[in-house]
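Written out below as structure tokens is the structure these notes cover.
The values are calculated or read from the model by the stated rules, or taken from the named source; none is laboratory data. A quick note: this is a predicted structure, and the numbers were derived from the prediction, not measured. When we count neighbours, we look across all protein chains shown, and the Cβ atoms used for this are built from the backbone with ideal geometry, even at glycine.
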Amino acid sequence: MDRRTFLKSAGTGMAGAAAVAGLAAPAIAQGREQWTMVTSWPRNLPGPGVAANMLAERITALSGGRLEVKVSSAGELVPGRGVFDAVSEGTAQLYHSVPAYWGSKSIGFLLFGSQPFGLTAIEQSGWMNHGGGQALYDEMYARFNIKPFLCGNSGAQFFGWFRNEITSVDDLRGLRFRTTGLNSEVLSRLGMAVQAMGGAEMFQALQSGTLDAGEFIGPWTDSALGFYQVAKNYYTPCIGEPSSAEECGVNMDAFNALPDDLKQAVKLACQSLYDQVLTEYNTNHAKALPMMVKEHGVQVRELPEDVVVAIGNEAGKVVSELRDNSDDLVKRIVESFLAYRTLMTQYMPHSDGGFYKARVLNYSYPTA
């Protein structure tokens, strides 16, 4: 899907914006219940918009049609950043978004989405399922009357799109840069003027010159939004967001009112989509990147090592400071995250990391 086609379809959805007041209780007819899912994405946005549709379909299917989920995209019923409050207050039953958007409510939310120099997508799932992360995730969101589930991951996100090359840390200072989550705090400490905005707004800001650089998701989604038209330098490594979890937040009262089998349907729908969404992202990212290079002149570049180290040092300082947070729950989240990260950083060089290094060595192997 090219940017013009996508934005045309996205604009159609935005034009239908309506007040949230009409949502109220779920529709119930002949033993069937209908829920509204509000999302942070334009309708059918490649990546998260598609994933939201998949989740709605999966819940409906696993419930045998007894729990039907209808998707309301960003701006149709509530703004994209308003979905958390809508579900917390019960004006919608569930949302599809990312934890990185809720840092203003508690910085503890940010660790469940992505962490600069933190966990990969598989490690994030491991922390949640086997390292104590899910219990802390539940405890944090329960404060806001929400039952949370991870339901996907966009994988390692490129560092960002830049108009000009980056040769030193000094080149970062003063740059107006779009990002979210803990990455915002880390990069602001290096002198970047960090801004938060949606993907469509990021394109417009880059085009008009009010933004110098930015990151959104990855090659698949970024190509659909047309960032290659307004910036040609696409930087790695993926240190700012080595993974970015997508989540489904369910109104706690609505969830608790479900019979056990429908609760299980919601849970299994989210769990089963995590890997499916991740592999769809990775497959389409891998297809979109060479297309942008060959057809649109994108230059894939790597940050200088001293820049990477400087960002890593600031990331370490930010996480260390979180350990001293006055909120005991945030402290426990940080300690749990660090324990799992340490476990993985000790093991992975002998596992996936070792294999990745070996796979790129100069040896004879057939290609497609």
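Can you name the condition, by its number, that ALA288 falls short on among (1) surrounded by fewer than 18 Cβ atoms within 10 Å (Cβ to Cβ); (2) over 30 Å from ALA92 (Cα atoms)?
The failed condition is (1).
Considering only the stretch 65-110, state which residues are among the hydrophobic types (A, V, I, L, M, F, W, C) and free of Cβ contacts under 8 Å to residues at least 40 places away in the same chain.
The answer is VAL69, VAL71, TRP102, PHE109.
Answer yes or no as to whether SER272 is at pLDDT below 95 and of a type in the set (Ser, Thr, Tyr).
No, not satisfied.
Out of the stretch 291-325, which residues are surrounded by 12 or more Cβ atoms within 10 Å (Cβ to Cβ), at pLDDT 95 or above and either in a loop (DSSP other than H, G, I, E, B) or on the phi > 0 side of the Ramachandran plot (or both)?
Listed by number, the residues that qualify are VAL298, LEU303, PRO304.
Restricting attention to the stretch 49-72, and to residues there that are in contact with a Leu (Cβ under 8 Å, 6 or more places away or on another chain) and polar (S, T, N, Q), which single residue is nearest to GLY249 (Cα to Cα)?
Here the answer is THR60.
ALA86 passes all but one of (1) modelled with pLDDT under 95; (2) farther than 23 Å from TYR274 by Cα; which number fails?
(1)
Return the pairs, sorted by first residue and then second, in which the second residue is surrounded by fewer than 18 Cβ atoms within 10 Å (Cβ to Cβ) and not in a helix (DSSP H, G or I), the first residue lies in the stretch 259-280 and is in contact (Cβ under 8 Å) with a residue 24 or more places away in the chain and aliphatic (A, V, I, L, M), the beta carbons are less than 7 Å apart, and the residues are 6+ apart or on different chains.
LEU262/ARG66
Quick one: how many residues across the stretch 118-133 are part of a helix (DSSP H, G or I), within 16 Å of the chain's Cα centre (by Cα) and not acidic (Asp, Glu)?
5
Which strands (runs of 3 or more DSSP E) does the stretch 27-86 wholly contain that include 2 or more residues that are farther than 25 Å from ARG143 by Cβ and of a type in the set (Gly, Ala, Ser)?
27-29
Being over 20 Å from the mean Cα position of the chain (by Cα) and without any contact (Cβ under 8 Å) to a residue 12 or more places away in the chain is true for just one of GLY312, GLY316, GLY354, GLY297. Which residue is that?
After applying the criteria, what remains is GLY354.
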